[in-house]
Amino acid sequence: MARPIGIYEKATPKHFTWLERLEFAKDLGFDFVEMSVDESDDRLARLDWTKEERLEIVKAMYQTGIRIPTICFSGHRRYPLGSNDPALEAKSLETMQKCIELAQDLGVRVIQLAGYDVYYEEKSPETRERFLRNLRKACDWAEQAQVMLAIEIMDDPFINSIEKYLAVAHEINSPYLFVYPDTGNLSAWHNDLYSEFVIGHQAIAALHLKDTYAVTETSKGQFRDVPFGQGCVDWENTFAILKKTNYQGPFLIEMWSENCETVEETRAAIKEAQDFLYPLIEKAGLK
């Protein structure tokens, strides 16, 4: 089997149906698409899809041969697990349960969770403790459903390294909790990538490929919409480390080109990313 390489839903035209989106990904040579359930009303509404709507997605996967193995669930920005507001905290758990049920119905293996205790609120020891308590509940539900949860390394100091994730994982102690690193986010915080991937190897569910501008004393960095090769990621070194640490999981190209004016413009943006990344992946022996 070749290593699966996928594309983020938000890189594909937003107006596409799921059948069109999967066919688009197939035409570009991808093996899978990562679904987004973000904090917008439109995408959160997916958690309430009917059985018939869910079946249409499954049929599209079978028809095209393109899988949806992961959901990027960033809806917890709006409804954070560590929220000080009891109503928002309750909503965070409700949406978590619904996302796990959606994953079950679609055959999704991994739900990526944002590594925030809170996003729009002020952080405190209490928000951290609440996040951990509710993450433990979420892991219990995930274990019952046989769906893995994976914490994303973030654009936020709360969990901005695999090392910090491992401290959380040690406290949660669930066989269904993993980490979902991002090459750009790891690099932006000046992490030692060799150490990160050595200590985190057994906990990695999947990997986002993305470039970023680094966090510095005078800059908060930039964590999206940075062209590949123009940011702080040392791509040759990163892929060499992944090879040395025997990473065998999938690669997901994370881009935001869903609002390009034309489908061909979107296709060209994705092709440019492929033309940059694929020779480096092959050179490192990771194809």
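Listing for the model above:
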quantity	calculated
Whole-number D in µm²/s for the stretch 28-100 (Stokes-Einstein; Kirkwood sum over Cα pairs; 10 °C, 1.306 mPa s)	118
Of every Cα-Cα pair in the stretch 116-241, the percent that sits beyond 20 Å	46
The stretch 44-178: relative contact order in percent, alpha carbon pairs under 8 Å with at least 6 residues between	25
Cα centroid of the stretch 183-211 to Cα centroid of the stretch 3-59, whole Å	25
Under the Karplus curve 6.51 cos²θ - 1.76 cosθ + 1.60, θ = phi - 60°, whole-Hz ³J(HN,Hα) for the stretch 255-263, x wherever Gly or Pro sits	9, 10, 10, 6, 9, 4, 5, 9, 4
Bins of 5 Å, starting at 0 and running to the largest distance - Cα pair percent for the stretch 30-164	2, 10, 20, 23, 20, 13, 7, 4, 1, 0
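No value in this document is a laboratory result; all are computed from the given coordinates. All of these numbers come straight from a predicted model, not from anything done at the bench.
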